[in-house]
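All remarks here apply to the structure that follows.
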Amino acid sequence: MEDVISVDKLQVIYSDGTKAVDGINFDVKEGEFFGFLGPNGAGKSTTIKVLTTLLRKTAGNATVFGHDISSHAKDIRPLIGVQSQDTVVDGDLSGRENMVLQGNLHGMRGKELDARVDELLKLVELTDVADRRAAYYSGGMKKRLDLASSLVHKPKLLFLDEPTTGLDPQSRAGVWKYMRRLNKEEGITIFLTTQYLEEADRLCDRLAIIDHGQIVASGTPSELKDEIGADAITLAAEGNSGGALTVKQVLQGIPGIGEIVEGEGGITIYAKNASTMVPDIVRAFDSSGLRLVSINLSRPSLDDVFLKHTGHRIRAEELVKPPSRMIGRFGRRR
Amino acid sequence: MSFAFETWVLFVRSIKKLIRTPILLFFALFQPIIFLVLFTQLFGSFGSLLSQKAGYVGVSYLSFATAGIVLQNGFSSALQSGTSVVDDLTSGFLEKVLVTPVNRAAILLGRLLSDAFRVVVQSAIILALAYLLGADMATGAVGVLLIFLIIAFFGLAWSGISLAIGLKTKSSETVFGLGGIVTFPLLFMSTALVPTSLMPSWMQTVSNFNPITYAVNAVRALTITGFDWGTVLEAFGVIGLIAVVTLGATLYLFRKVVS
């Protein structure tokens, strides 16, 4: 299959010296649902801005549909749709007007455009409110309108920058449904960024884990999880005043224990037969003078993959982001 | 062709936003209306001074000040127009437009034309009210159209400055504050409210270098004297010069932001 996106040693350094993207390589095949999983500030949005011709790269190469992002930006723009991290709808215009404007900017007009807009309004279930001002829409409705308006010109590749951040679980499930439908039924290649493990796990055919501007691991979700090769035991223990042993030392004394990773909120151990090891662990702590507070057994998740490669967990911001009126989106590039 | 279409589409979007928040138009018009109704009454006796010392024989102060009030409004409105580009920058709307193949110059032109249009609409309302209150309209309908043209160009030129400031500072408050600071000093040191001959001599010098003076003189000629082509062409010349500078700066800053 042909590469829709091809990125080679891409680097973006802001003028203050921040290496937002630090030499990443990846490619996205036609029809793929590809994801970037990483915490805030990992370089996800910067990568999208560069690939969508909004921001200049510092070094490296990247092509979209074979067109170089620097020299052939004009050839790329008609082929892509973008949903930025902040929901962007014009509240003074109706939902329909927002979409028609977007079509107009792609050179579409007349009956062909009207038909396309109707079709998309139906897809995202906004037909009933299409002629109301978008300012009166709920957060989820605005997100759906934004998504729909990025599809008016039938892009072959869709960039979705954290499309569900700040949405309630129900709206999130709705957006997932549309994204999957667009990819599977309409054959649109999707590049998604997210800080939600579940989102990446459920939707992506293939994903790259990104942290501090670098890709630390990539593959299909199951490949990545299999790589751990073991179940995860997460535990927390409290030290006793006279205890000579640390928690780690206690664990290291137990036969069959694999990798031990210390992180916030406890220690994670990876072991092949985790369930049979729990009694051993409990016994070891009983005789150590340390008090075992909790113990938790789980199949490896993408979070474990992330922890293994970066030494810390993804902390997704469950809270709604600050209002989009905040200044500085463009300011960062100077 | 597509350039014209894209400009049109973005122009219409701005106009729709304007029409759908009519309260903003009301706020913008409030001050000039106060000037027109109260200020000209307050200084009504100034009319005799105009007759005796400045050669405006038989001209009421209302008639005299109308041109100044119209341009005051045009000036301050144009200087606020940068706030809209800041809104588009911070809301992400500009970015959303920039990922489409739309011509970059069309984005700027659509915005500037809508600003000019807004200033003309406001001026039309002020002129109509002034006429109802008894102000002169020496050159009739053709003169009014010419006044609209002057004001449109005047608005375009000063919108350019405001957009440039907006693009540079990315702060509505700065655009707003700067507009507020600049408006009155420049207005008072022009012929907007008082003819040159009645000013202290240092202020006469400033006024002669003040671009507002030239636009005011042209509109004033058309409202109380007649088709004084010399004055009108002079106004277009001065406005044209400002426009070249401000629009050049805007284009430069816009390129920097979008590239």
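What follows is calculated from the coordinates using simple rules that are stated; it is not laboratory data. Here the structure is a predicted model, which means the values were calculated and not measured. All Cβ positions, glycine included, derive from the backbone under ideal geometry; neighbour counts span all protein chains shown.
Quick rundown of the values:
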| quantity | calculated |
| --- | --- |
| Whether the range A:29-74 is rounded, prolate or oblate, judged on the alpha carbon gyration tensor where a/c under 1.5 counts as rounded | oblate |
| Dipole-positive endmost among B:ALA116, B:ALA135, B:VAL102 within the range B:79-175 (Cβ charges, Cα centre) | B:VAL102 |
| Separation between Cα centres of the range B:54-95 and the range B:147-212, rounded to whole Å | 8 Å |
| Average projected area [Cα convex hull, the range B:65-178], square nanometres | 7.9 nm² |
| Backbone N within the range B:172-195 under 14 Å of label point (7 Å from B:PHE43 Cα along the Cβ vector) | B:184-195 |
| For chain B: rounded, prolate or oblate by the Cα gyration tensor [a/c cutoff 1.5] | prolate |
| Given charges at beta-carbon only (K, R positive; D, E negative), |dipole| of the range A:43-116 in Debye | 260 debye |
| Ranking of A:ARG133, A:ARG181 by count of other Cβ atoms within 10 Å, fewest first | A:ARG181, A:ARG133 |
| Shielding by other protein chains, A:82-94, mean Cβ within 10 Å | 4 |
| Rg in Å to one decimal, and Dmax rounded to a whole Å, for the range B:135-201 via C-alpha atoms | 15.9, 44 |
| Dipole of the protein assembly as shown, positive end: most advanced residue of B:MET189, B:GLN80, B:GLY47 [Cβ charges, Cα centre] | B:GLY47 |
| Other protein chain Cβ atoms within 10 Å, averaged over every residue that makes up B:100-108 | 4 |
| Shielding of B:80-90 by partner chains, average beta-carbon count, 10 Å | 2 |
| Cα gyration tensor of the protein assembly as shown - equivalent ellipsoid semi-axes, whole Å, descending | 63, 26, 20 |
| Loop GluC sites (Glu not before Pro), the range A:85-160, which have at most 13 other Cβ atoms in a 10 Å radius of their Cβ (DSSP) | A:GLU125 |
| Whether the range A:2-53 is rounded, prolate or oblate, judged on the alpha carbon gyration tensor where a/c under 1.5 counts as rounded | prolate |
| Cα-based radius of gyration of the range A:1-131 once divided by 2.2 N^0.38 Å, which approximates compact folds | 1.24 |
| Packing-based ranking, highest mean first, of A:190-198, A:304-312 given that Cβ atoms within 10 Å are counted | A:190-198, A:304-312 |
| Residue among A:LYS154, A:LYS177, A:LYS248 with the largest mean-square fluctuation in a Gaussian network model of chain A, springs linking Cα atoms under 10 Å | A:LYS248 |
| Rounded to the nearest 20 debye, dipole of the range A:106-167 from Cβ charges on Lys, Arg, Asp, Glu | 120 debye |
| Part-to-part distance (alpha-carbon centres) for the range A:103-182 and the range B:1-40, which is given in Å | 30 Å |
| Per-selection Kirkwood Rh - the range B:1-94 (Cα, Å, 1 d.p.) | 16.3 Å |
| Given charges at beta-carbon only (K, R positive; D, E negative), |dipole| of the protein assembly as shown in Debye | 1240 debye |
| Convex hull (Cα only) mean projected area of chain A, reported in nm² to one decimal | 20.1 nm² |
| Among A:ILE269, A:ILE80, A:ILE209: highest mean-square fluctuation, GNM of chain A, C-alpha pairs under 10 Å | A:ILE269 |
| For chain A, built as a Gaussian network whose Cα springs stay under 10 Å, the top-fluctuating residue of A:THR47, A:THR63, A:THR234 | A:THR234 |
| Residue (of B:ALA215, A:PHE306, A:LEU123) at the positive-pole extreme of the protein assembly as shown, dipole from beta-carbon charges | B:ALA215 |
